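The values are calculated or read from the model by the stated rules, or taken from the named source; none is laboratory data. Everything numeric in this text was worked out from a predicted model, so none of it was measured. Glycine gets a Cβ as well: all are built from the backbone with ideal geometry, and neighbour counts include every protein chain shown. Just the protein is used for accessible areas: all its heavy atoms, side chains included, with ligands, DNA and RNA removed. Shrake-Rupley method; radii C 1.70, N 1.55, O 1.52, S 1.80 Å.
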Amino acid sequence: MSELNKLGWHFSRNTNRMHVKLPYEEALDSDDATIKATLGREKIQNSLDACVDTQKPVQMSFNWISFENESFFLPYINQLIPKLKSMDKVYDENNVDPANPSFLVVEDFNTSGLTGKFDPKGIEQDEPNNYYGYFYKLGYSGKSKQDSTSGGRRGIGRAVGAIASSINSMFIISKRNDDKKTFLKGLCLGKRFNENDTSYDGYGYYDLYKGEDELSEPIIEQNSIKMLGDKLGIDRTNHFGTSTIIPYPDKSLDYESVANEILKNYYVVISQGKLEIKISYKDQNNSEETIFNKDNILDELERKNLNEEHQYLKNFIKPCFEILDNHNHVLEATASSDGKITKEDFNENELEKIRDLYNEKKIINIKAKIKLKPKEFKGEPTQPFYSQETFVNFFIQKQDSDINSKAYYQRGLMPLMGEGTNFYANSYGFMYAYDAPAVSFIAASEGTNHLKINTSEPDLRNNYRIPYNIQARFIKFGLTQLLDLMLLVDEQEDTDFEKEFFTIIDEDNQNENIIKPVENNDEDEEVQEDEEEKPIFPPFEPPPGGKGKPIIISRLTSKKGYKIKANKNFDNISSLFPLEINFKCAYSEYGRKKSFSYHEDLDFDLKNNKKIKIDLKISNIIEKYSNNINFKLENENFEISIYDFYSKFEVDVEIELL
């Protein structure tokens, strides 16, 4: 039992916190969101949400600090370690050396600090309060008002600091801009444990204990704060904001990997001048420091070999911000209300002009209006007919066939890194929402990790009236729908020419009869093989199935080319993927069935000449050669279009499984 008004760790039998059992560890450290990515994203997003002067960037630092033969930290954990050992699978002594402490210190500046009453009573606990929400409302958030544009609606992102620690704990030093006070408080997010025949909550605090039924008090005595702050280089004397001390950080959180994750997630926000990052490492013998800001972000991307991000930012994103208000077309709200961008949303001349600009590789900027139906406005209930007009911007640009497709979704200053992964057709895309109602709407659609738009997220249903789910789907898929529309006229497939096959590569026509290309007539005819000829190479055996062969090639008549796709009617088609194939093509030689051996670079050179165009959907180019390309097909929804062959010649095509 803890003593009243005594500084130290205490765990309650009857918690005051509004705790909801959530799988937060799995949510914040999972296959979808590793702790490396989550740590930077959650800490940065909380700091951006707390920005005080929006005309200046939020400044953040991630500092790794290691000590040898230092005992200054022992008073902060001596009382805690026995409790951790009593928790199931929480404490691993191999990861914790009390005599040689290590830390990751995450700090923000130009922020408000953890503001709000230290001891809210009754109904006050339901009101927005950053301090109370941070320490006592795991599973809830002080940001969850309907019209909030901030990111932390689930209230569990703060847990990432403790999850990143090998002792499931963190310490907070925060200087608040509401009352100018600086406080220290420790938080442990462990598991329930037994001590002296008493069961305790796994959530504990390092502060001043005020009794079982009262909220504990943070430490505001400055000498106590200064002792820890001086050792770790923390000085909050004249700087509002928060310093998060993560003792014994997870070994996977190394300097380089966290820096790379931050860059990959926030390079666009940094380029906007809204965020500056300092990452440093210091031990007894060495120190290193890296700074990311709007002036050096392109150089840092290049230095880190993030070449795709470098090219995408330099050649596409920066120009998008320059033409933010220069729209090629404004989509009326009817498009978002029916959930899809179609040619009916344009007049014929508009669509043709936009498509011409796309084919000329100009950036297309579409402003898409949305009429939301919030259930509340400024804290008051709304009538069913009430609507609120907002918008998002869709940008697309066609790229050369050797450039991988890439799309980036950003609401406010929050990147949604799980969106845009299936963008295709060698194009760049950017969904940008900066109008406050749109930002709030998208924030309500995000799950715990803030990675994707979820059209069935409970906050959408709770805060908006239908067609909220259709509008969320429109934002989620609008880029792809717009891109489909740019390609729609040219995507005419010749159904009289459809080949289904899997063949083995055949340079000298030795295996001509293994599996021949088959014309896809109404009757599914099988090609009869010559029984006297034995193939040199065994054919690929797809999983047992029916309804044709698993891969289809169809002719694109208006493009003078071919489309490769999966046969969705083939049984168990999804079990084939992911899959790597080699596509081979050559102009036909008169009198020959196949002509790959007679191909010349003068005909076309897929590796070095961009005359032949390639559009990719859910697939990637592995390697190019003069007349063949290796592709990786991610799943059965892939599509590959190869076109702009010379119109006077026929083309032979063939596929090999790699």
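Restricting the calculation to Cα atoms, the range 567-658 shows an Rg/Rh of 1.00 when the hydrodynamic-style radius is the Kirkwood one. The simple spin-label model puts a point 7 Å past each Cα toward its Cβ; for residue 600 and residue 52 those points are separated by 7.4 nm.
Just tell me which lysines come within less than 19 Å, Cα to Cα, of residue 378; anything on the same chain fewer than 8 places away is out. Within reach: 143, 145.
Fully extending the segment from residue 3 to residue 95, taken as 0.36 nm per residue of separation minus the present Cα-Cα distance, adds 30.1 nm.
Each pair of Cα atoms in the range 309-462 enters the Kirkwood radius, and Stokes-Einstein at 20 °C and 1.002 mPa s then converts it into a translational diffusion coefficient of 128 µm²/s. Estimated from the Cβ-Cβ distance and a Förster radius of 51 angstrom, the FRET efficiency linking residue 72 and residue 657 is about 0.25. Partners of residue 85 within straight-line reach, counting lysines whose Cα lies under 17 Å from its Cα and excluding those fewer than 8 residues away in the same chain: 191. Across the cross-link table entries 185/210; 549/584; 264/367; 563/613, which are compared at the Cα atoms, the separations over 22 Å belong to 264/367. Taking 0.36 nm per residue of sequence separation and removing the Cα-Cα distance, the residue 237/residue 571 pair yields an extension gain of 113.4 nm. Entry comment: accessible area of the range 349-446 is 37 Å² per residue, from protein heavy atoms only and a probe of 1.4 Å. With a threshold of 28 Å on the Cα-Cα distance, the over-threshold entries among 314/617; 314/452; 314/565; 343/565; 89/304 are 314/565; 89/304. Once you divide the Cα radius of gyration of the range 83-138 by 2.2 N^0.38 Å, the number left is 1.69. Computing FRET efficiency as 1/(1 + (r/R0)^6) for residue 350 and residue 620, where r is the C-beta to C-beta distance and R0 is 51 Å, gives about 0.95. Between residue 465 and residue 257, the modelled labels are 5.0 nm apart [label points 7 Å from Cα along Cα→Cβ]. The Cα atoms of the range 165-320 cover 63, 39, 36 Å along the three principal axes, with the biggest extent listed first. Site pair residue 649 and residue 588 shows an inter-label distance of 1.3 nm when each label is modelled 7 Å from Cα along Cα→Cβ. Potential lengthening of the chain between residue 378 and residue 343 amounts to 8.9 nm, from the contour at 0.36 nm per residue minus the alpha-carbon distance. Say a paramagnetic label sat at a point 7 Å from the Cα of residue 294, along Cα to Cβ; which residues of the range 258-288 have their backbone N under 20 Å from it? The answer is 263-279, whose backbone nitrogens lie closer than 20 Å to the label point.
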